[in-house]
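So the structure is just underneath, and the comments pick up after that.
The values are calculated or read from the model by the stated rules, or taken from the named source; none is laboratory data. What you see is a predicted model; the values in this text were computed from it and never measured. In this analysis, Cβ positions are derived from the backbone assuming ideal geometry, glycine residues included, and neighbour counts consider all displayed protein chains. The area values use the complete protein model at the heavy-atom level, side chains included, leaving out ligands, DNA and RNA. Shrake-Rupley method; radii C 1.70, N 1.55, O 1.52, S 1.80 Å.
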Amino acid sequence: MIFSKAGFGGAVADFEAAVVAQDAKRSGKSFIRLQETFGRAKETELFAGGPRLAAVLEQVPPSPRAVVAVLVGACVERGADAERCAPGVLAGLRAALEGAVAFGEAWAATGGGAFPVPDDGEPGEEIVGRTGFGAAVGWWTLSQWEMAAVALLNHRAVRAGLNGEAVRAGLDAEAVRAGLDEKAAGGGRGELLRLLTAVEQASGQELRCLSYALQVLDDEPLVVLHRPSATGYLLRLSGIGDNFQLHTLLADALIGGGHVAGRAPSPQEVAVCRETPGQVETAGSFELVAPDGGRLWNEGTPADIPVVDGVRLLVLDEPSYTRSWPAGRFFPGMRGDLILERALEPEETERWFARVSPAGELTG
């Protein structure tokens with residue numbers, strides 16, 4: 001047997017059985033044991049426990065369900081199979097987002113005002129009276145679902161599953177977030193982003209980690225035009241959380257690779273943007289510009305880069321001012337990569353340049 005009666009493994013087995021039996025008293029006691037024993041859990045208990053907890057998430061009562069999802073995410077961070085855990089956690093995330101959307105609608109319909117800030121307990125009677133219990137729990141637990149989901153979305157296979165058959169669980173796309181192309185937002189990813197956008201607009205609060213994790217691109221072709229040298233390049237990016245990370249990896253590929261002039265990042269700066277832990281101070285080498293001349297901020301994501309003729313198209317200009325920041329990864333648990341596939345032929349480069357606005361004052 002994988003699980004013993006004592007420790008985290010025993011707590012998982014007991015909780016699982018109690019939830020399936022709908023034994024509220026027993027599941028409440030084993031729920032407390034889950035939290036108390038997690039810190040001392042063995043690897044084998046974590047590997048097996050994460051998927052088993054994820055499999056019963058839907059049957060867990062609404063309030064503790066998000067805490068169990070956080071435990072599943074923590075198991076994944078310590079080695080449990082993210083793909084096996086994904087269906088339960090992502091279905092729960094969608095349910096929480098739907099609840100939070102309903103909360104916003106009910107809140108507005110009953111007088112509006114600033115959204116209440118969730119605390120560690122359950123929503124109070126006044127809030128439940130205005131919005132209903134399910135909607136209130138959706139908003140109250142959303143930050144916990146964000147934490148659990150991001151732990152899983154650190155894994156490329158989970159991100160791929162959102163656009164394919166691996167993670168169905170009711171996640172078929174109904175809409176695509178404005179500004180996100182169909183290729184990047186297909187399947188469950190687009191629906192989760194649509195719901196998330198609705199919550200952010202209603203609440204005025206940004207769930208940045210979840211938003212960025214859902215927008216991460218993998219195996220994504222990128223055409224880059226370096227305006228000062230009138231050269232072009234085809235690259236492919238994966239697992240890059242924000243444009244700070246992309247900026248450093250672009251500088252390494254193009255300047256470090258000897259293709260264009262400028263300041264190349266050090267090996268340490270590049271390493272922390274791929275998979276080495278930590279941060280290293282770096283400085284900007286380019287101005288990131290959209291084909292229409294708009295500025296693309298380092299604080300944004302590669303998904304902000306517009307698609308032209310089916311491919312993301314980015315223009316690099318000389319930096320308008322010196323800017324420094326700590327190089328690293330927005331998601332420390334996610335491996336990032338940017339591969340230079342080839343330099344474009346002069347004729348290709350000229351055709352791409354014909355699709356962009358002339359150099360001038362940046363907009364945006």
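Quick check on my filter: what residues within segment 267-286 are outside any helix (DSSP H, G or I) and surrounded by fewer than 20 Cβ atoms within 10 Å (Cβ to Cβ)? Break it down into steps so the answer makes sense when it comes.
Step one: filter segment 267-286 for residues outside any helix (DSSP H, G or I), giving 275-286.
Listed by number, the residues that qualify are Glu275, Thr276, Pro277, Gly278, Gln279, Val280, Glu281, Ala283.
State the number of residues belonging to segment 195-218 that are β-branched (Val, Ile, Thr) and within 20 Å of Gly112 (Cβ to Cβ).
Residues flagged as β-branched (Val, Ile, Thr) and within 20 Å of Gly112 (Cβ to Cβ) within segment 195-218 amount to 2.
Would you check which residues across segment 298-324 are part of a loop (DSSP other than H, G, I, E, B), within 26 Å of Gly258 (Cα to Cα) and either touching an Asp or Glu at 6+ places or on another chain (Cβ under 8 Å) or free of Cβ contacts under 8 Å to residues at least 40 places away in the same chain (or both) and list them?
Correct list: Asn298, Thr301, Glu318, Pro319, Ser320, Tyr321, Thr322.
Would you list the helices (runs of 4 or more DSSP H) that sit entirely within segment 1-89 and hold 2 or more residues that are touching a helix residue (DSSP H, G or I) at 6+ places or on another chain (Cβ under 9 Å) and in contact (Cβ under 8 Å) with a residue 40 or more places away in the chain? Before the answer, list the steps.
Values: elements: 7-20, 24-37, 43-55, 62-77.
Passing ranges, in order: 7-20, 43-55, 62-77.
If you go through segment 329-338 one residue at a time, do you hit one that is more than 21 Å from Arg156 (Cα to Cα), in contact (Cβ under 8 Å) with a residue 24 or more places away in the chain and surrounded by fewer than 18 Cβ atoms within 10 Å (Cβ to Cβ)? Spell out how you get there, then give the answer.
Of segment 329-338, the ones more than 21 Å from Arg156 (Cα to Cα) are none.
The answer is no, given that none of the residues of segment 329-338 is more than 21 Å from Arg156 (Cα to Cα), in contact (Cβ under 8 Å) with a residue 24 or more places away in the chain and surrounded by fewer than 18 Cβ atoms within 10 Å (Cβ to Cβ).
Is at least one residue of segment 126-139 of a type outside the set (S, T, N, Q), open to solvent by 20 Å² or more (accessible area, probe 1.4 Å) and touching a Leu at 6+ places or on another chain (Cβ under 9 Å)?
Here is the first cut: in segment 126-139, the residues of a type outside the set (S, T, N, Q) are 126-130, 132-139.
Filter once more, so that each one left must be open to solvent by 20 Å² or more (accessible area, probe 1.4 Å): 126-130, 132-134.
Applying the additional criterion that residues be touching a Leu at 6+ places or on another chain (Cβ under 9 Å) yields none.
Scanning segment 126-139 turns up no residue that is of a type outside the set (S, T, N, Q), open to solvent by 20 Å² or more (accessible area, probe 1.4 Å) and touching a Leu at 6+ places or on another chain (Cβ under 9 Å).
Among Glu83, Glu43, Glu58, which is the only one that is surrounded by fewer than 19 Cβ atoms within 10 Å (Cβ to Cβ), acidic (Asp, Glu) and within 19 Å of the chain's Cα centre (by Cα)?
Values: Glu43 fails: within 19 Å of the chain's Cα centre (by Cα); Glu58 fails: within 19 Å of the chain's Cα centre (by Cα).
Only one candidate qualifies: Glu83.
How many residues are under 30 Å from Trp139 (Cβ atoms), in a helix (DSSP H, G or I) and without any contact (Cβ under 8 Å) to a residue 60 or more places away in the chain if we restrict to segment 205-261?
Number of matching residues: 2.
Would you mind telling me which numbered condition in (1) at pLDDT 95 or above; (2) more than 29 Å from Ala202 (Cα to Cα); (3) not charged (D, E, K, R) Gly39 fails?
(1)
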